[in-house]
């Protein structure tokens, strides 16, 4: 399994929880977590497939920034 890491502008745990729920509907087979303590507000996704377009598209639609690192 590969680890995909994204820099985000998510600021609160409530925002993170909301996005996690949405992401779990799109990529339910992948463990997903946020690290809001990191200055880059990191999103981590363990996956066996390419998911960066799905993740970034969902973030943009919800008004957030997301950049694959």
Only one residue in 6, 34 is surrounded by 13 or more Cβ atoms within 10 Å (Cβ to Cβ), without any contact (Cβ under 8 Å) to a residue 40 or more places away in the chain and in contact with a helix residue (DSSP H, G or I) (Cβ under 7 Å, 6 or more places away or on another chain). Which one?
34
If you go through 4, 14, the only one that is modelled with pLDDT of 95 or more, more than 14 Å from residue 58 (Cα to Cα) and more than 10 Å from the chain's Cα centre (by Cα) is 14
Can you name the residue in region 49-69 that is part of a helix (DSSP H, G or I) and either touching a residue at least 60 places away in the same chain (Cβ under 8 Å) or out of contact with any helix residue (DSSP H, G or I) (no Cβ under 8 Å at 6 or more places or on another chain) (or both) and is also surrounded by the most Cβ atoms within 10 Å (Cβ to Cβ) among such residues?
56
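The values are calculated or read from the model by the stated rules, or taken from the named source; none is laboratory data. Note that the coordinates shown come from a computational prediction; the quantities given were computed from them, not determined experimentally. Because the Cβ atoms are built from the backbone with ideal geometry, glycine has one as well, and the counts that use them run over all protein chains shown.
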